[in-house]
Amino acid sequence: MASHPARAHGSIPHDLGGLWSAWSADPLVTVPLSLSGILFGRGVWRLRQRLGRFPPGFGPRQILCFGAGMLLLIVALLSPLEGLAKPLLSAHMVQHILLITVAPPLLVLGKPEVAWLWGLPEGWRRSLPRQRRMRRGFAFLSPLAKPIPAAVIHMAALWIWHNPALFDAAVAADWLHWLEHMLFFGTALLFWRAVIKAVSGREAAAAALIACFMTLLQSGLLSALLSFARQALYRSPEPLSWGMSPLEDQQLAGAIMSLPMCAIYLLAGLAMAFRLLTPPRSERVPRPKVGASEALDTN
């Protein structure tokens, strides 16, 4: 066994029957996911115990969103999809879609920072607001957390890591593959947090609309490059074992990327446009109430 080279995605059965047994247990994934889930659950329990109810803006809907996001991370990183992503570029693209456009917005909507804060020991929770270095760090990074800068950072990560040489190197090396996923997921969290928070203000919603349009445009361009290339850009080692040529596998990956990703970015942009077209509550003109005498007056 020591004489064989290590594979970033491990081995994967070539039959669908054995595919379901090929689960991963990478500690770089299982440990952070487990700690996050435990801390979130502890925070939810303590909120209920201390307050007797959930605070405004945090409740069963947020808990459900967080749970769904965590489940999708497990599917993307620990399920047989992780192993299948090595021989098939199309499966690799499904994995990236879960890490970029599906799990992150669900996790942001789940507001985990509320539960995580309450899940910490009480002494830590009370001392956090007094940490000057932490506050300075947040103040320094806050301009990057706005919709357009966050979109630019996220798009840069996508294009850099889809460079054929770097992409193939990440498939072959464990640490580089882990770094790729971390940057994809981290920049996606930054982008979706900026977009979702923009719903609270019309000016921020306008910037989020531009950011969604930018990501939609670049996703469409990248998927078109994959779909209409005349030759395979990436080294998929075993697509023939699954009945596809490398070029067909790449074309399928481009189609998978274009439909779900572009649809999600489009829906997010439409939500921002709807927010812009909806006047704030303070600007809404209430309908005048018509009294009974006025309704009966025909003059």
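The values are calculated or read from the model by the stated rules, or taken from the named source; none is laboratory data. For clarity, every value in this text was computed on a predicted model and none was experimentally measured. Methodologically, a virtual Cβ is constructed for each residue, glycine included, from the backbone with ideal geometry; neighbour enumeration extends over all protein chains shown. Remember, those area values only see protein heavy atoms, side chains included, never the ligands or the DNA or RNA. Shrake-Rupley method; radii C 1.70, N 1.55, O 1.52, S 1.80 Å.
Below is a table of values for the structure above.
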quantity: Selected residue (only one of G254, G243 is free of Cβ contacts under 8 Å to residues at least 12 places away in the same chain and either open to solvent by less than 20 Å² (accessible area, probe 1.4 Å) or on the phi > 0 side of the Ramachandran plot (or both)); calculated: G243
quantity: Selection from region 187-204 of residues that are within 14 Å of P149 (Cα to Cα) and open to solvent by less than 70 Å² (accessible area, probe 1.4 Å); calculated: T187, A188, L189, L190, F191, W192, A194, V195, A198, A204
quantity: The listed residue being more than 23 Å from R193 (Cβ to Cβ) and either of a type outside the set (A, V, I, L, M, F, W, C) or surrounded by fewer than 16 Cβ atoms within 10 Å (Cβ to Cβ) (or both), out of P87, P60, P104; calculated: P87
quantity: Boolean, W178 is at pLDDT 90 or above and within 26 Å of L88 (Cβ to Cβ); calculated: no
quantity: Flag for F213 being at pLDDT below 90, in a helix (DSSP H, G or I) and open to solvent by 70 Å² or more (accessible area, probe 1.4 Å); calculated: no
quantity: Only one of P121, P104, P147 that is modelled with pLDDT of 85 or more and either of a type in the set (F, W, Y) or within 28 Å of S34 (Cβ to Cβ) (or both); calculated: P104
